1. Of all GluC sites (Glu not before Pro) in region 28-109, which ones are in loop regions per DSSP and have a Cβ with at most 14 other Cβ atoms within 10 Å?
2. What size of dipole, in debye to the nearest 20, comes out for region 395-476 about its Cα centre when the only charges are +1 on Lys and Arg C-beta atoms and -1 on Asp and Glu C-beta atoms?
3. Using the number of other C-beta atoms within 10 angstrom as an exposure proxy, rank Arg23, Arg396, Arg98 with the fewest first.
4. Restricting attention to region 230-318, which GluC sites (Glu not before Pro) occupy a DSSP loop and are surrounded by at most 15 other Cβ atoms within 10 Å?
5. Please identify the trypsin sites (Lys or Arg not before Pro) of region 261-368 that satisfy two criteria: DSSP loop assignment and at most 12 other Cβ atoms within 10 Å. Which are they?
6. Mind jotting down the distance between the C-alpha centroids of region 278-319 and region 109-172, whole Å?
7. Between Ser182 and Lys43, what length comes free when the chain is fully extended (0.36 nm per residue of separation minus the Cα-Cα distance, one decimal in nm)?
8. Using the basic label-point model (7 angstrom from Cα toward the beta carbon), what is the Lys4 to Gln80 distance in nanometres?
Amino acid sequence: MADKQFDVLVIGGGPGGYVAAIRAAQLGFKTACAESNPYADPKGEPRLGGTCLNVGCIPSKALLHTSHLFEEAEHAFPTQGIRLEGKVSIDVPVMIGRKNRVVDQLTSGIKGLFKKNKVTFLAGHGSFEGNGPAGYVVRVGAETVEARHVIIATGSKPRHLPGIPVDNRIVCDNVGALDFDSVPKKLGVIGAGVIGLEMGSVWRRLGAEVTVLEALPDFMPFADMDVAKEALKVFTKQGLDIRTGVTIGETKVGADGVSLAYTGKDGKEARLECERLIVSVGRVPNTEGLNASTVGLDVSDRGQIVVDGHCRTNLPNVYAVGDVVRGPMLAHKAMEEAVMVAEIIAGQAGHANLDTVPGVIYTSPEIAWVGKSEQQLKAEGVAYRAGKIPFMANGRALGTGDPTGFVKMLADANTDRILGVHIIGANASELISEAVVAMEFGGAAEDLARICHAHPTLSEVVHEAALAVDKRPLHF
Ligand code: FAD
Ligand code: NAI
């Protein structure tokens, strides 16, 4: 007999796990959530919130905000007549301290949400022990738990490169990159993906000379080609030195920095000397110590737990959500799947549409998209119409002094149904929601074209892009 019995046990307390636990409890199940990682907890106690709250979305956005303010004070204030006497400077420990307080507030807030929703928090690593009379038996720390339903939400961890050991001091993954104690003079970044661009931007804005080394020949191939082209132009102008098509060679790490050999796109050997190096080459699903094989849980060669469209694993009553399964590694995707699974367990329909999961890069300008890119539609042979409007044509964007970028809408040439929306520009992360709603409702470009948008707002550019699909923009 296990020490504790629950209807639902969630393993992992990140966005996938804590949301699944809250929703399951709301639906009337006796629910527990196990989490083992203390992250940076001063008492070493496991903290809820997972990668996202502790070492991902939230701390990175806090630093992006501070560094954006710093850059605005340095470069944008004078253009609008605001004079600061003396040189603008950054107190890195204060910046990091504020970021840590935001993280503390949010992670402890989830403990509060658990209390409110009557979710039992089990501090400890969860690993399958086998089957019991009433469900699955899982060891969590020193005790055993039996649950009829198990939701695995064990997330992901950074991928590291052979020969480049991460100490999170000189050579950092996302954990160390969010915790520098000073601005490095020279920063190297391996991987021009989302973390490379966001963290590279943070430290560049604060004064670091940043070189980004990317293996693929093209920059941001996952984005719409027009957006990728514009982003490369803008980021390069800002001072990010982005080199694509490189092959990383021998890396020497010393007490004061890194000396990294690489071969460039042109086949020439080169060397990068930097004080610190961020390795951001993707993340891998985390099933470490889960003891999946004990119960016969299907895990793919890539380490992902194998699930169907409703996040069901090969085992009855065992589900998996978030970064540990297929699909984009995004917090909002994890949360969607979490709610879906809890509702399926409760006998409801449960629904998560991966086709309308938006992607966002929180650089400046921000980049956001939903649906298919133009190159995807071309490759699939889909006939489409495109509308593209620059923020330069928008009064609000000009008024704020930041008219970089554009909105591009792609709609089916026959039905006018919106197939993809791609935005590069200020507040793209917020603007994309309108496109997500429209696509989720199966909307057409004409639907958005006929909806009243407040003036003056940046959302008018989305409106104009919808009008432009039918070649009738009013302000461009
Ligand atoms: P995780 O958040 O990784 O949580 C899994 C949890 O399970 C962890 O806390 C882990 O300790 C715990 N765990 C693992 N195994 C066990 C076990 N056996 N027993 C008990 N506990 C266990 N996404 C966005 O949508 N927007 C962003 O802006 C964004 N920014 C990011 C910035 C960075 C620097 C990084 C690294 C990621 C970012 N992400 C962002 C991605 C986002 O953090 C993840 O997609 C999200 O956290 C996935 O949620 P999850 O619950 O699946 O996994
Ligand atoms: P990523 O997959 O976004 O980018 C990794 C990059 O590294 C790719 O461009 C890849 O080609 C390159 N790369 C791989 N191996 C390499 C090598 N040996 N040498 C040089 N380049 C190499 O992964 P990243 O940036 O580590 O982020 C992980 C995930 O975390 C993201 O995919 C995303 O899901 C999530 N995330 C989301 C954010 C957001 O939503 N704003 C912010 C940060 C992370």
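1. Glu85
2. In debye, rounded to 20, region 395-476 gives about 180.
3. Starting with the residue having the fewest Cβ neighbours, the order is Arg98, Arg396, Arg23.
4. Hits after loop and neighbour filter: Glu288.
5. Here the sparse-neighbourhood loop sites are Lys265, Lys268, Arg302.
6. 13
7. Roughly 47.5 nm would be gained on extension.
8. 5.0
Just so you know, all these numbers are worked out from the coordinates, no wet-lab data involved. Every value quoted in this text rests on a predicted model; they were computed, and no experiment measured them. Please note: Cβ atoms are built from the backbone with ideal geometry, for glycine as well, and neighbour counts cover all protein chains shown.
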